[in-house]
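Notes follow once the structure below has been shown.
The values are calculated or read from the model by the stated rules, or taken from the named source; none is laboratory data. Small disclaimer: the values here were computed from a predicted structure and weren't measured. Cβ placement follows ideal geometry from the backbone for every residue including glycine, while neighbour counts extend to all protein chains displayed. Each accessible area value is taken on the protein alone, full model and side chains, heavy atoms only, with ligands, DNA and RNA left out. Shrake-Rupley method; radii C 1.70, N 1.55, O 1.52, S 1.80 Å.
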Amino acid sequence: MTSHRLRGLSLTLPLIAFLGVTFVAPLVAMFTRSIHEPLVADALPQTLALLQEWDGQSTPDEELFQSLAMEGLALHRDRSLGAVATRINRLESGMRSTIVGTFRKLNRLPVTDLHGISQQLPGDSEQILNQQDDGTHLLEDYWKAAMIDAKQDWSEPASWLAIRRAGERFTFRHYLNALDLDRDETGTIVAQPPERRIYLVLLWRTLVVSVFITMICLLLGYPVAYLIANAPPHRSTLFLMLVLVPFWTSLLVRTTSWIVLLQTHGVINDLLTTVGLISDDGRIAMIYNMTGTMVAMVHVLLPFMILPLYSVMSTIPPLHLQAAESLGASPLQAFLRVYWPQSLPGVAAGSLLVFILSIGYYITPALVGGRTGQLISNLIAYHMQQSLNWGLAAALSVILLVCVAVLYIVYSRLVGVERMRLG
């Protein structure tokens, strides 16, 4: 390799390092988080080893109950039982209260030997762990009876199956959940019950809403960009400033201002009521639904369509249209056959920019969307910030990223990404 090539490569190293830290590393971490969940496996290694030999249908034997009791009491002592119980609860509803309640009782449980002598142990679970080493002999099936007596759920195979599934270090269950699928007791992939199918509905809604917002922005932004590109210089500057005003205003302020305008007793409904277009009882619900989401998002994203269109249209000479009309073309024919093809690079750039931005929006839908105006990004944010189910949030993010990549490839084949131009 010549010195010139080495020098050129060294100049690109900072850029490569920047892309690796800010782009590649987060993507790798997101994918890893979606399939790797070692918490339960690290917390209950002996129990999980015994569960691999269990038939999965009958109530486990005393050895398995004792193993879970020992490891669970150690977790209770270390105050880490709650996190493990939460992971298992995601696979079997109610398991958190079952696990936490059981080991709270076991920590105060007296141990009885074969001669019927009871000894009340203090709360330190280390003494329970050392009972057999101290010569105390437990009654047959002691832990099995104690745990079932504490919570009847321990007699059900479903509780133990949930622990076994939660103990998988590498799993694709988050992806199944994100696609509204699950595994039954035999391991077969089946659809979730109808009342739990929410992710595919939200994903489809997000894609459809993003397409509609892109189309609306194109319909509204194209004539505005044409007007700015063909206006006199002093007017063009004024129009551009008006388009850029939203960038100088906080996104939160822009979004919440629509609440004032669109709410049932807001400015728009009051105006329509005053002029007699609607009655006071017939006020239109324009907020906390999909209408509010689309209106607010179009307002926020419209400049991202106008600016690429304007930058391309400003390079198209007006003489092209005049020449087409002088050759006998009607104004519509001149536009469709001369002007529109030349503006396609701006259309492609603006449409792609608005579509990708709208897919990832979650602040605006969260503020003005209500229950029916939420998008998949709102659910990702919920799992990241509230439910703390980072594995599912990562799986949803990966699926959304794959959908965007597929649509980008299709868009490139139909329109041609190489034709995009920002100016």
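Before moving on, here are some points about what is shown:
- Full extension of the chain segment joining LEU227 with LEU344 gains 40.5 nm, where the gain is 0.36 nm per residue of separation less the Cα-Cα distance.
- Intensity falloff of region 228-374 expressed as log10 I(q)/I(0), Debye formula with alpha-carbon point scatterers, at q = 0.19 Å⁻¹: -1.07
- Virtual spin-label span in nm between ASP270 and ILE363, 7 Å along Cα→Cβ: 2.7 nm
- A straight line joining the Cα centroids of region 71-100 and region 161-230 runs 30 Å.
- For SER279 and GLN46, the difference between the fully extended length at 0.36 nm per residue and the C-alpha to C-alpha distance is 76.9 nm.
- For the pair GLU168 and LEU319, label points projected 7 Å from Cα toward Cβ lie 6.8 nm apart.
- Estimated FRET transfer efficiency (SER10, VAL404; beta-carbon r; R0 30 Å; 0.05): 0.35
- Ranking MET30, MET305 from most to least accessible surface, computed with a 1.4 Å probe over the protein chains only, gives MET30, MET305.
- In the chain, a dipole from Cβ-located charges (positive for Lys and Arg, negative for Asp and Glu) runs towards its positive end, and of VAL354, PHE18, MET294 it is VAL354 whose Cα lies farthest in that direction.
- The ellipsoid that matches the Cα gyration tensor of the chain has semi-axes, each √(5λ) in whole angstrom, of 61, 28, 19, with the longest given first.
- Values of log10 I(q)/I(0), in the order q = 0.10, 0.17, 0.22 Å⁻¹, for region 209-308 under a Debye, Cα-only, solvent-free model: -0.36, -0.88, -1.09
- Annotation: region 1-112 has a Kirkwood hydrodynamic radius of 18.0 angstrom, from the mean reciprocal C-alpha pair distance.
- Solvent accessible area, Å² - HIS234, 1.4 Å probe, full protein context: 130 Å²
- Calculated on the alpha-carbon coordinates, the convex hull of region 332-423 measures out at 138 cubic angstrom per residue.
- FRET E, pair ARG108, THR22, Förster distance 45 Å, beta-carbon r, rounded to 0.05: 0.30
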